[in-house]
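To start, the structure itself, in structure tokens.
The values are calculated or read from the model by the stated rules, or taken from the named source; none is laboratory data. Every value quoted in this text rests on a predicted model; they were computed, and no experiment measured them. Don't worry about glycine lacking a Cβ; one is built from the backbone with ideal geometry, like all the others, and counts go over all protein chains shown. Note: areas computed on protein heavy atoms with side chains; ligands, DNA, RNA excluded. Shrake-Rupley method; radii C 1.70, N 1.55, O 1.52, S 1.80 Å.
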Amino acid sequence: MDIEKLIHVNSPYEGFVSEASDLQGWGGHKEFFGMMIDMIRPQLIIEVGTWKGKSAIAMADLLESIELKDKLFLEALEKKTVDDTKIVCVDTWLGATEMWDKKDDAKRYLSLKLKNGYPQLYYTFLSNVMNALRENRIIPFPQTSANAARHFAKNNVKAGMIYIDASHEYDDVKQDLNSYFPLLEKGGVMIGDDYCKYWHGVIEAVDEFAEQKNLRLYTRQYPNAPGEAPSDYCVLCRGVVPL
């Protein structure tokens, strides 16, 4: 299945003139992403909640690195290659509730870049992807997470890896988990960020879901730069993950 054609008639990057990169945001920890990608070798990654694209670009960079390794050591590898792997980024680019709270917050509200009251964040995302030369990997899907999940399900889309990092409100996280887990391939993994006390809604929703579906739940924390919150990841799957 051509996942890009399922979403767009023409490339969303076609004719777009990129601006300067603005990769502020939550980029994810490359060691964690690399471990998950190298283990699963997904042909499709769905990222639910992408902001300015920093985490998607990090995953795309890792895919390029793994692809090069596959080509160099193809005969010695028994794993799937990732040369055609795509990352679909699902987001409205309108901002979660916490992005609208503090009107002087440069990392949140002001990053929305309102024009006539409407966020222009989507174009920041496109610029960042183009400047990183990752248009071949990353496909934006400007939709609500619920509508996007319905579209995927209707067209029998399955992904090897699904990254949930959209709204952190309990009800929203619960809905995303329930909507996207059925889209996971057998042997795939669902991962999420911000599994920490600050985002108690994330912990509550993930723990409930894992118990209800009888899933294995793993957690992993990575420190970030001084002054930044750590990356608190969770992994949901039916099998054993060597974390």
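Going by what's in this entry, would ILE7 be described as hydrophobic (A, V, I, L, M, F, W, C) and modelled with pLDDT of 95 or more? Yes; evaluated as a whole, the condition is true for this residue. Under the condition of being open to solvent by 20 Å² or more (accessible area, probe 1.4 Å) and in a strand (DSSP E or B), the residues counted in region 150-178 number 0. Among the residues of region 186-243, the ones that are touching a Cys at 6+ places or on another chain (Cβ under 7 Å) and open to solvent by 90 Å² or more (accessible area, probe 1.4 Å) come to 1 in all. In region 92-135, the residue that is most open to solvent (accessible area, probe 1.4 Å) out of those that are in contact (Cβ under 8 Å) with a residue 60 or more places away in the chain and more than 21 Å from ILE57 (Cβ to Cβ) is THR97. Among the residues of region 179-199, those that are assigned to a helix (DSSP H, G or I) and at pLDDT 95 or above comprise SER179, TYR180, PHE181, PRO182, LEU183. Reported count of residues in region 39-65, each being part of a helix (DSSP H, G or I) and open to solvent by 40 Å² or more (accessible area, probe 1.4 Å), is 5.
Would you confirm, using the coordinates I've provided, whether MET161 is over 14 Å from the mean Cα position of the chain (by Cα) and in contact (Cβ under 8 Å) with a residue 12 or more places away in the chain? Answer is no for this residue. Within the option set PRO182, PRO142, being under 15 Å from the mean Cα position of the chain (by Cα), of a type outside the set (A, V, I, L, M, F, W, C) and surrounded by fewer than 17 Cβ atoms within 10 Å (Cβ to Cβ) holds for one residue only, PRO142.
Reported count of residues in region 10-38, each being closer than 14 Å to TYR163 by Cβ, assigned to a helix (DSSP H, G or I) and open to solvent by 30 Å² or more (accessible area, probe 1.4 Å), is 2.
The sole residue among GLU169, GLU211 that is more than 19 Å from the chain's Cα centre (by Cα) and either modelled with pLDDT of 90 or more or not basic (Lys, Arg) (or both) is GLU211.
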